[in-house]
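The values are calculated or read from the model by the stated rules, or taken from the named source; none is laboratory data. Just so it is clear, the structure is predicted and the values come from calculations on it, not from any experiment. Heads up, the Cβs are rebuilt from the backbone with ideal geometry, glycines too, and the neighbour counts pull from every protein chain shown.
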Amino acid sequence: MLTRYLLDAECPDEMVDRYVDGCVARSLTGTDTVTAFVDRHPRSVALLDAAGALSGRAGGLRARIQLMAAILETSPRFVAEFFPAAGSRARAMLRLTAYGLATAARTVIGFPLLVVLERGAP
Amino acid sequence: MTADVIVVGSGPAGANAAAALVERGRRVLMLDVGDTDATYEALVPAQRFALIREWDAGQHRYFLGERFEGIPDTGVRVGAQLTPPRTYVTASAARLTPSQSTTFTAAESLALGGLGNAWGAGVFEFDSAELADWPVSITELRPHYDAVAARIGVSGATDDLSRFFPQPAHAMPPLEIDSSADQILRAYQAKRESFNAEGLFLGRPGMAVSTEALGDRGPHEYRDMDFWADTDRSVYRPRWTIAELRRSNAFEYVGRQLVLRFAEHADGTVTVTTRDVDAGASRRFSARVLLLGAGTLGTSRIVLRSLDRFGQRVPLLCNPYTYAPVINWRMLGGEARDRRHSLAQLTAIHQPRAERGSRGSVQAQLFSYRSLLNFRLLRELPLAQRDGLRALRVLLPALGILGISHDDSVTSEKYCELRAGGGGDGCLEISYRLTGIETSRNDAGERAMLGFFRRLGAWPIKRVHPGHGSSIHYAGTFPMRHAPRDLETGADGRLAGTRAVHLVDGSTFPYLPAKGLTFTIMANANRIADLVARRLA
């Protein structure tokens, strides 16, 4: 689910195993309300990650996403997705603006959801 | 072997003091813990970063670490150069040489080669203004800078920084810089006269990196793997010197020994007591002279413990350090050369008051980021990580990290003391606070430096203050004086009140300029070893 979110790709089994090992090594095995919600509703990961980025919350979820990104980045199969993307300066500015707007748009929905989930936490 | 001199520590100070002694015919016994990397060195291929990324299916083992220790818990902080293959450098220090502080984070090393295994390799001479508090002049120190440069291999350019850092004799050609630094340097050169009039200077730093073959080292291969491995051995590491010394009959290395204390005896010998860090057994070693090069904090522990000065405060210096990610807008959307190194690309100086010389100036070093990998930055960005990942692909050629250093002087708010505890060895307690004047002066210096880079097209994104101690430049606990008093040292590094105990590391520096101190530590250790060798002769 995280590989699909990050790269629109399917995750090979050996990388799933590596992710599980990483969660154990980094003490990310516990399930908080945000992570549990994402497990039940995978499409919400983009909303909650965006909300966490701008609010400094959802640390557990964001740590898991970062772990998956690290595993993908250090795999020859996906490394091209992390190499610099050349283009014109104007195109670069447009892209950066688009990414910023995308995060902002997701946050509009994600932040209220995040607040509700965190209030519901035991 | 019966040693003339015991040298404690194998870092930049110990290695270069030992080398100078052996070159002058003295017999040297080196005592050291000597941790080494048993996991990663053999895993990293001797190839370019970009190529490794494309084919090595096992790269996650060294890029992330076998225990995923390469993934930061909280964003990128100073010490990012301590990648998984470098974590052995500081791994056992917290257990074997404990320190406590609420205001200071100390990084120490008990590795073979000490913190020199992870230093930035910047080569910066101190000038006469910066040596004003020393009982040693630049004229006395210069031959030792040159001797160390010849031993370790130094490369550098003649440019606007030469007035601050004269090139040592026999300097090799400078390292090539990356595409972004190249553009920034050209922007500077177009307006250099007006920048210089404001006390702003930019150039390529001298580096302890062999750009030509030097024995079995170098030349530098531009693999951009300098944070991960030393596959071409071009960056100077003190352990190269130790390996050479071990081929000499006049040198003996005894590892796994944590030095606890020394004692001088009426027969003219010095005894050093150690503990074997594996077996726990206590051992004693004797010689005519003792040189302590255990690093400022390590040497402070040994001296205070040996003199039974528990609870006695001694001063502590450390360069205040701030870093700032910067975006070079000219590189946005551009394509960067793959051929590059990971070390400092450019050095900038802000010298606000010309009448004071270099004293009080601010120094910054610009690093390119690429080889530290994108994932480390994902949680630093105000973006969902899916968007952050894509944004980094656009930003990467333009992204640099600017590390800004300030000078440091003694005040009553910066000190350390050895407290009872720590398994009987004592625990070093550190207190470090800047005065209000120092804080505002440093803040003004940072603003001026960031403004300088902004005018060069490199826009700072934010300033990060990683906390006191993060420069890992520690000094000043037993300052050198013309007439040393209690817990001070003389011009020959000899500790006041002792007959033959000399300190050869940063612990004797009375003042820390805003620049790397390692080259000067090595030159000063070479100088003191030279004096000791002459006396023994």
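Taking the conditions exactly as written (in contact with a Pro (Cβ under 7 Å, 6 or more places away or on another chain) and assigned to a loop (DSSP other than H, G, I, E, B)), does residue B:73 satisfy them or not? Answer is no for this residue.
Within segment B:393-427, being surrounded by 23 or more Cβ atoms within 10 Å (Cβ to Cβ), over 30 Å from residue B:359 (Cα atoms) and either more than 14 Å from chain A (Cβ to nearest Cβ) or acidic (Asp, Glu) (or both) holds for one residue alone: B:418. Among the residues of segment B:337-344, are any surrounded by 24 or more Cβ atoms within 10 Å (Cβ to Cβ) and within 14 Å of chain A (Cβ to nearest Cβ)? Yes: one or more hits. Name the residues in segment B:91-124 that are crowded, with 21+ Cβ neighbours inside 10 Å and more than 23 Å from residue B:207 (Cβ to Cβ), would you? If the condition is that a residue be crowded, with 21+ Cβ neighbours inside 10 Å and more than 23 Å from residue B:207 (Cβ to Cβ), then B:93, B:97, B:99, B:104, B:106, B:108, B:110 are the ones that fit. Test residue B:22 against the stated conditions and say whether it is in contact with a strand residue (DSSP E or B) (Cβ under 6 Å, 6 or more places away or on another chain), surrounded by fewer than 24 Cβ atoms within 10 Å (Cβ to Cβ) and closer than 30 Å to residue B:261 by Cβ. Spelling it out, residue B:22 is indeed in contact with a strand residue (DSSP E or B) (Cβ under 6 Å, 6 or more places away or on another chain), surrounded by fewer than 24 Cβ atoms within 10 Å (Cβ to Cβ) and closer than 30 Å to residue B:261 by Cβ.
Scanning segment A:69-100 for residues being part of a helix (DSSP H, G or I) and at the interface with chain B (Cβ under 9 Å from one of its Cβ atoms) gives a total of 19. Would a scan of segment B:156-164 turn up a residue that is more than 18 Å from the chain's Cα centre (by Cα), surrounded by fewer than 23 Cβ atoms within 10 Å (Cβ to Cβ) and of a type in the set (Lys, Arg)? The answer is yes, given that some residue of segment B:156-164 is more than 18 Å from the chain's Cα centre (by Cα), surrounded by fewer than 23 Cβ atoms within 10 Å (Cβ to Cβ) and of a type in the set (Lys, Arg). Just one of the numbered conditions (1) over 22 Å from residue B:181 (Cα atoms); (2) more than 10 Å from every other protein chain (Cβ to nearest Cβ); (3) among the hydrophobic types (A, V, I, L, M, F, W, C) is not true of residue B:381: (2). Does segment B:374-384 contain at least one residue that is modelled with pLDDT under 95 and surrounded by fewer than 19 Cβ atoms within 10 Å (Cβ to Cβ)? So far as segment B:374-384 goes, yes, one or more of its residues are modelled with pLDDT under 95 and surrounded by fewer than 19 Cβ atoms within 10 Å (Cβ to Cβ). For beta carbons closer than 7 Å, sequence separation of 6+ or different chains, a first residue in segment B:124-148 that is part of a loop (DSSP other than H, G, I, E, B) and a second that is of a type in the set (Phe, Trp, Tyr), the qualifying pairs are B:124/B:165; B:124/B:519; B:125/B:145; B:125/B:165; B:125/B:519; B:127/B:164; B:130/B:511; B:133/B:511.
For segment B:498-537, a tally of residues being under 20 Å from the mean Cα position of the chain (by Cα) and in a helix (DSSP H, G or I) returns 14.
Counting the residues of segment B:238-276 that are closer than 30 Å to residue B:154 by Cβ, over 23 Å from the mean Cα position of the chain (by Cα), outside any strand (DSSP E or B) and acidic (Asp, Glu) gives 0.
None of B:358, B:412 is part of a loop (DSSP other than H, G, I, E, B), polar (S, T, N, Q) and modelled with pLDDT of 95 or more except B:412. Figure legend. Inter-residue proximity from segment B:292-315: first residues among the aromatic types (Phe, Trp, Tyr), second residues surrounded by 23 or more Cβ atoms within 10 Å (Cβ to Cβ) and assigned to a helix (DSSP H, G or I), beta-carbon distance below 8 Å, spacing 6+ or different chains. Indicated pairs: B:310/B:304. Within segment A:93-122, residues that are among the polar types (S, T, N, Q) reach no partner that is exposed (fewer than 15 other Cβ atoms within 10 Å of the Cβ) with beta carbons closer than 7 Å at six or more positions or on different chains.
Could you go through segment A:12-30 and let me know if any residue there is surrounded by fewer than 17 Cβ atoms within 10 Å (Cβ to Cβ), more than 12 Å from chain B (Cβ to nearest Cβ) and either modelled with pLDDT under 90 or over 30 Å from residue B:52 (Cβ atoms) (or both). Yes; the residues of segment A:12-30 include at least one that is surrounded by fewer than 17 Cβ atoms within 10 Å (Cβ to Cβ), more than 12 Å from chain B (Cβ to nearest Cβ) and either modelled with pLDDT under 90 or over 30 Å from residue B:52 (Cβ atoms) (or both).
With respect to residue B:124, determine if the residue is of a type in the set (Phe, Trp, Tyr) and farther than 30 Å from residue A:59 by Cα. Judged against the criteria, residue B:124 is a match. Tell me, yes or no, whether segment B:496-506 has at least one residue that is in contact with a helix residue (DSSP H, G or I) (Cβ under 6 Å, 6 or more places away or on another chain) and either surrounded by fewer than 20 Cβ atoms within 10 Å (Cβ to Cβ) or hydroxyl-bearing (Ser, Thr, Tyr) (or both). No: zero hits. Do we have any residue at all in segment B:426-447 that's more than 26 Å from residue B:310 (Cβ to Cβ), touching an Asp or Glu at 6+ places or on another chain (Cβ under 8 Å) and β-branched (Val, Ile, Thr)? The answer is yes; a qualifying residue exists.
If the condition is being part of a loop (DSSP other than H, G, I, E, B) and out of contact with any helix residue (DSSP H, G or I) (no Cβ under 7 Å at 6 or more places or on another chain), then segment B:277-307 contributes B:278, B:279, B:280, B:281, B:307. Evaluating residue B:51 against the criteria (1) among the hydrophobic types (A, V, I, L, M, F, W, C); (2) part of a helix (DSSP H, G or I); (3) away from every other protein chain (no Cβ under 14 Å) leaves one unmet condition, (3). In the set B:316, B:260, only one residue is surrounded by 22 or more Cβ atoms within 10 Å (Cβ to Cβ) and either farther than 24 Å from residue B:24 by Cβ or in contact with a strand residue (DSSP E or B) (Cβ under 9 Å, 6 or more places away or on another chain) (or both); that residue is B:316.
Matching residues to (1) among the basic types (Lys, Arg); (2) away from chain A (no Cβ under 14 Å); (3) not in a loop (DSSP other than H, G, I, E, B):
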{"position": "B:17", "(1), (2), (3)": "no, yes, yes"}
{"position": "B:22", "(1), (2), (3)": "no, yes, yes"}
{"position": "B:37", "(1), (2), (3)": "no, yes, no"}
{"position": "B:41", "(1), (2), (3)": "no, yes, no"}
{"position": "B:45", "(1), (2), (3)": "no, no, no"}
{"position": "B:62", "(1), (2), (3)": "no, no, yes"}
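Taking first residues from segment A:20-34 that are in contact (Cβ under 8 Å) with a residue 24 or more places away in the chain and farther than 10 Å from residue B:67 by Cβ and partners that are in a loop (DSSP other than H, G, I, E, B) and of a type outside the set (Gly, Ala, Ser), the Cβ contacts under 6 Å between residues at least 6 apart in sequence or on separate chains come to A:23/A:29. Scanning segment B:428-442 for residues that are in a strand (DSSP E or B) and touching a helix residue (DSSP H, G or I) at 6+ places or on another chain (Cβ under 9 Å) returns B:428, B:430.
Scanning segment A:54-68 for residues that are touching a residue at least 24 places away in the same chain (Cβ under 8 Å), within 7 Å of another protein chain (Cβ to nearest Cβ) and under 28 Å from residue B:66 (Cβ atoms) gives A:65, A:67. Selection of first residues in segment B:483-502 that are touching a residue at least 40 places away in the same chain (Cβ under 8 Å) and of second residues that are acidic (Asp, Glu) and outside any loop (DSSP other than H, G, I, E, B), restricted to Cβ pairs under 8 Å at least 6 apart or on distinct chains, gives the following pairs, ordered by first then second residue: B:498/B:264; B:499/B:264; B:500/B:264; B:501/B:264. Within segment A:34-53, if we keep just the residues that are surrounded by fewer than 17 Cβ atoms within 10 Å (Cβ to Cβ) and not charged (D, E, K, R), the residue that is nearest to the other protein chains (Cβ to nearest Cβ) turns out to be A:42.
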